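Before any comments, here is the structure.
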Amino acid sequence: MTKRKNAILLYAYSTNGEQYFNEGKLSPADQELRKALPLVEDNAAVKPEVLFYLGLANYKMEKVQEAVNFFKTCAAMKSPFQAQANKNLVTIRAQYHGVK
């Protein structure tokens, strides 16, 4: 039951987060996607997507170091988001010196 409940919650949080992001509602997107984070540990298919959107939302909110952290974790995982996460890291590092 708990596994099924977590899967449903993960889907709800990640979908809501992406929808908020697409609507330009960055703070609610960040909140929903962060709720999904603990639930994606066992879901290799969804984890990179959640990390990628967290990176985008935090970058747009000018939380650059957090964005870099999310993109780094995403870029380390084989997924359709890997290449773009790497490109985003290169772009951010060119814009902001001193980012780790």
Test for Ala83: is it part of a helix (DSSP H, G or I) and surrounded by 21 or more Cβ atoms within 10 Å (Cβ to Cβ): no
Filtered residues of region 65-80 (kept if of a type outside the set (S, T, N, Q), surrounded by fewer than 17 Cβ atoms within 10 Å (Cβ to Cβ) and part of a helix (DSSP H, G or I)): Glu66, Lys72
Close pairs (7 angstrom Cβ cut-off, 6 or more residues apart or separate chains): closer than 13 Å to Pro38 by Cβ in region 1-27, among the small types (Gly, Ala, Ser) and surrounded by 14 or more Cβ atoms within 10 Å (Cβ to Cβ) anywhere: Leu10/Ala36; Tyr13/Ala36; Ser14/Ala36
Boolean, Thr91 is out of contact with any helix residue (DSSP H, G or I) (no Cβ under 6 Å at 6 or more places or on another chain) and either over 19 Å from Glu18 (Cα atoms) or part of a helix (DSSP H, G or I) (or both): yes
Residues of region 1-42 that turn out to be surrounded by fewer than 17 Cβ atoms within 10 Å (Cβ to Cβ), modelled with pLDDT under 95, touching a helix residue (DSSP H, G or I) at 6+ places or on another chain (Cβ under 9 Å) and in a loop (DSSP other than H, G, I, E, B), as a count: 2
Condition check for Glu62: outside any helix (DSSP H, G or I) and under 22 Å from Lys35 (Cα atoms): yes
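The values are calculated or read from the model by the stated rules, or taken from the named source; none is laboratory data. Predicted, not measured: the structure shown is a model, and the values here were computed from it. Reconstructed Cβ throughout: ideal geometry from the backbone, glycine too, with neighbour counts over all protein chains shown.
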